[in-house]
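Following: one structure in structure tokens, then a few remarks.
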Amino acid sequence: QVQLVDSGGGSVQPGGSLRLSCAASGIDFKFYTMRWYRQAPGKQRDWVASIGTDDSTNYADSVKGRFTISRDNAKNTVYLHMNSLKPEDTAVYYCNVFHQGRNNWGQGTQVTVSS
């Protein structure tokens, strides 16, 4: 079965950086679009960024120019590089892949941006 393992979260000050990782197994990774979502306390889970099988990328307006999504097909891993972090980026971040008709999620990794 599909397994996604999220890691790399932590606490940083505003303006800081973090790199999230998501290690995937149970899929032929290079053939799938990978996505990052986030969910702040009391809010819905929102899409953050996507990377296609051709390395094309898309971003939510709120993170455009600050976050970069990338993938390493040799390691079955997708990354989210986050720069210029703001308090409003505080959330649990989840990796996602749509496989055989269903969404699959990582367990999430907490990102807290606070002074």
*What is the pair-distance distribution P(r) of the chain, computed from all Cα-Cα distances in 10 Å bins starting at 0, with each bin given as a whole percent?*
15, 50, 29, 6, 0
_Tell me the carbon and sulfur percent of the accessible area for the chain, rounded to whole percent, probe radius 1.4 Å._
44 percent
*asked:* If I model a spin label at residue 44 and residue 11 as a point 7 Å from the Cα along the Cα→Cβ vector, what separation in nanometres do I get?
replied: 3.1 nm
*What whole number of Å gives the distance from the Cα centroid of region 75-112 to the Cα centroid of region 1-62?*
3 Å
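Express the accessible area of the chain per residue in Å², computed with a 1.4 Å probe while the remaining protein chains stay in the model. Could the numbers behind the result be given before it?
Working: 6090 Å² over 115 residues.
Heavy-atom accessible area per residue stands at 53 Å².
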*Assigning unit charges at the beta carbon (Lys, Arg +1; Asp, Glu -1) and nothing else, what dipole magnitude in debye, to the nearest 20, does the chain show about its Cα centre?*
100 debye
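Give the ranking of 19, 45 by solvent-accessible surface, highest area first, calculated with a 1.4 Å probe. Don't skip to the end; give the middle numbers.
Values: 19 125, 45 85 Å².
Listed by decreasing accessible area, they come as 19, 45.
The values are calculated or read from the model by the stated rules, or taken from the named source; none is laboratory data. Fair warning: this is a prediction, and the values are worked out from it, not measured in the lab. Here Cβ is always computed from backbone atoms with ideal geometry, including for glycine, and neighbour counts include all displayed protein chains. The area values use the complete protein model at the heavy-atom level, side chains included, leaving out ligands, DNA and RNA. Shrake-Rupley method; radii C 1.70, N 1.55, O 1.52, S 1.80 Å.
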